[in-house]
Structures are given as structure tokens and as C-alpha cells.
1. Select from the chain the helices, each a whole stretch of DSSP H, whose alpha-carbon atoms run 24 Å or more along the helix axis and whose Kyte-Doolittle mean is at least -1.0; answer none if there are none.
2. Counting only heavy atoms of protein chains, what accessible area per residue, in Å², does the chain have with a probe of 1.4 Å?
3. When the accessible area of the chain is computed with all protein chains present and a 1.4 Å probe, what percentage of it is carbon and sulfur?
4. Whose amide H sits under 5 Å from the amide H of Arg207, counting only residues 5 or more places off or on another chain, with H placed in the peptide plane?
5. Principal axis lengths of the chain from Cα atoms, whole Å, largest first?
6. According to a simple spin-label model (label point 7 Å from Cα along Cα-to-Cβ), what is the distance in nm between Val465 and His447?
7. How are the alpha carbon pair distances in the stretch 228-329 distributed across 5 Å bins from zero to the largest one, expressed in percent?
8. Distance between Cα centroids, the stretch 290-369 to the stretch 102-169: provide it in whole Å.
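The values are calculated or read from the model by the stated rules, or taken from the named source; none is laboratory data. Remember, it's a predicted structure, so these values are computed and weren't measured experimentally. Ideal geometry is used to build each Cβ from the backbone, glycine not excepted, and the neighbour counts take in all protein chains shown. SASA here: full protein model, heavy atoms, side chains in, ligands and nucleic acids out. Shrake-Rupley method; radii C 1.70, N 1.55, O 1.52, S 1.80 Å.
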Amino acid sequence: MITRNRTEDLDWPDARRLGTVASSGLRAVATSWARFVVQFATMVTIARLIDPGAYGAATTLLVAVTGAEVIRCGGVTWLIAHETRLTPGAASALHRLSQLAGAAVAAVWCLVAALPVADSLPGGRWGPVAMAVVFLAAGSGAVPTAVLGRNLRTGAIGIAELVAAVLSAAAAIALAAAGGGGTSLLLQAVVYAVVLRAGIAVVSPWRPGRRVAVRDLREELAFVGNACLTQLLEWASRSLDRVFVAVVFGHAAAGLYVQASQLVILPLEQVTGPLRRSAVPVLGRLREDPESFRHTLRGVLTVACAVLWPAFAVLGVLGPAVISLVFGPDWLGTVPVFRAMLPAAFALVVVTVTVVLAHASGAAAHQTRWELRVSRPLTVLAFLGAAPLGFRTMVLAVSLVTVVSAVPGFVVVARRTPARAGDLVRAVWAPALLAVACGSAATLTRHAVAHPGTAFVVATGASLVVWGTGLLAVPTTRRLAARALRRGVAR
């Protein structure tokens, strides 16, 4: 969709039509998974072209790329998504603030590029310049993307992201094949940010108008600050950890750690990303209807867990075969690291939906306090306390802390929303059984077949059969499948 009619309005006439919601949501899921395939294939290809040490060194600088997402998809995004009373003037003011935030961080990166220390960074002085471009694009694209999400144009966002992923992947692979090493990952980040910003400019009809004074946005900025702080803490836990690993255990260990993390984060983002974009505006409009709010939240939890938990269970069983086949034998050291992360992988699904609940309900402040006072301090203690015991022990300790804090975090946030603690139990028991069934099917079939290659194929097939059957047995996912089938027949 290329939009030619420009508007300053935040709510478009067809944004609440069921057909718009359904079709946009389906396109978002389809493009998200297509983007996942592209990103995963790129990750595999580059991992085979460069060694773990070079890969780990580059990713220590690339933590800034995920930091840019705090601006592009942070507090401003969730405020615009859930706040039905927001005015066009307020959105224009938030747009200017986002631009200034991106420009300020970009200026810092340009300063770093001018310092002698820049020569020692991956990509040399071009590394900080690349990060500056990423932050400029993130700041200028935050509000246009958020307005698209507010009007449930998640399909349009997904298409822009897919195009950006394809072009950035092609550029990165070409540079890696030419001997660019870890610099290819920096090029991928820059091309993705620039192309995505251009794509959003094409598909979004929103344009800023006259701004209200910043002093009139105290309540809105308080929410934005809390939401951004929560996301900053999440970014720190998912990104600065690789810097810590590189410093304490070396670049090769950091490369293994990053690959294991991506096996968790990439599937998580492909499922929870589209759900989050759709769920926040929908739940925000249901706050005055507690029963509908709780029903919708349970559906979001069930779908996320029913898709991701079985996948993580099967990956835990078939990890050595998957990693050897996909990345090559040089990356087999990723297997024990990934298995140590598996408990956190299951818990992160609940944590992500908890953040959605907080943002949709305006409870970002409570989420922030929980992160600052409990969740993140425990994570830091796990890193520092377990590091002397070894790399794998440290990863397992951090993973277990994530598990321990996930349910209490949901309960703390739910108290300030229409949701209840029991909604979590009602939503996850069926996906938990499905994950056990899929993991058991993979284990039994893998040991029943002697030849390793055949065992891998048979185990994967058996798990998929069990997973598909289980999805049809779970009422929520069965209803969604029936609706999708009816829409397909109607077309």
C-alpha cells in the first residue's frame, strides 16, 4: 500500500473495521515470519563466512542497534498505541522530541568517531558513524510507525520491515563474501535502518502539524519515561550481557553467547512482535470492559505460548543436530549455552506479554518499579555472582533468575489492570502440556532411529505433527485457525 493522502489525524475512519484488523494482522504475521527466515538465513550465512571471534567482536558494538529500538519502538510508541485521548498536536510534539533524542545520541556517536579509541572498534571509525545513522533513522521514524500501529496497519509496517531485511541481508552477505568480516554486520544494521525509515515514509499517511507545548504533556511524558526506562532495562539485559561476556570470557565466548541468544530472541520477536503491535491498541480500547480485556489478554498469552514453547522444547532436544547442520561444527559450542538459556526462553514469553499488559493499561510506572527494584538487580547479581564459577554456570544462573521473577512480575502489574493472576494460569496450562508433548515426541523418535540424519528428520516431523494436533486441541488456537480458514474460503 502506497499512501498519497496525507493527514494529521491520529485515528483513521477504517481503523476499527474488523476486516482491516484481520487482514492487517494476517499480513503482519506473514511478513514477520518471512523476515525471520531472511534474518535467520543471513545470520547462518555470515556465521559460516566469518569465525566466532570476529562475529563476537562485531556484536559487542551492535548492542547500540538494539538500543536504537528503545527510541523507535519505545515509550512514545506505546503511548500513541493505547492513549485514545491523545491529540494531533501532542503527537507532533512527541515526534519532535523523538527526532531530537535520535539526533542527540547520533551526535554522541559522531564524537566517539572523532576520538582515537574509535580505531580499535569493529569497523574502525566507520563503526560509530554507522551507529549515528541508525539512531537518526530511529528517532525520525518512531511516531510515524506508532501512528500506523495505532490504526492497526501492522501489515504495512511488516512489509516495510521485510523489504528492509531483504536489502540489508543482501548487502551484508555481499560484504562478508568479499572478506569484510564483522563489518558486514554493521552494514546490515545501517541499510536496514535507512530502508525501513524510507519505507515507513512511503506507507504512512501521517504528517506532523502544529505542536502543543511540551509543558502540557507532563502526564504523557511520565508514561513515556517509565516505558522507555523499562525498555532500556530490557535492552541492557539482552545486550550489555554480551559485552560482559566478551570482556570476561573473550570474543569467541561472546560469539557463542550471541548465537545462542539469537536462537531464543529471533523466534520470540517474530511471534510477540506482531501480537504486541496489535494487542496494545486493542487492549487499550478495552480497558473499560474488564471481561473483554481479560479474555483478549488470555488469548494473546495462549497464542504466544502455544507457538513458542513447543518450538523451544524441540530445539532443546535437537539442538546439536540443528546447530551442526545450520551453522557448522565450529559452532557446536553454542549447544550447552543455548540449553542453559532454555528456562529463560520459556519465561521471556510471559515477561513480554507482561510488558504488553503494562503498556496497554497505562501501568508502565509499576512495571518500571518492578524492574528497578527486583528483576534487574537479581539479573545483575546472577551475572556477577556466577561469573567466577564459569561461563555456562553464569548463563544458567541468569536464566533461572528470569524464570523466578516472571510470574511475580506478572502478578505485580496485573494488580493495576483489569487482569488477574489467575488469567496467567488459565492461559498457559494447555501450551505447557503441548510443549511437553512435542519435546517428548522429539526425544522418543530421535532415540528410536539409529542414523543421526534420519533421526533428525523423523524427530522434527513427529514434533510438527504433535504440535499441529495440539494447536487444534487448544480452544483458543482452534478458534483462530477456524476463523482464518473461513476467511480463506470467503476469499
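1. Helices meeting the span and hydropathy rule in the chain are 18-49, 88-114, 126-150, 154-177, 183-203, 218-235, 251-285, 290-326, 334-361, 391-414, 421-448, 452-473.
2. Per residue, the chain has an accessible area of 42 Å².
3. Solvent-exposed carbon and sulfur of the chain make up 68 percent of the total.
4. For Arg207, the qualifying residues are Thr7, Glu8.
5. 67, 60, 47
6. 1.9 nm
7. Whole-percent P(r) values from 0 Å outward: 2, 10, 14, 16, 17, 16, 10, 7, 5, 3, 1.
8. 25 Å
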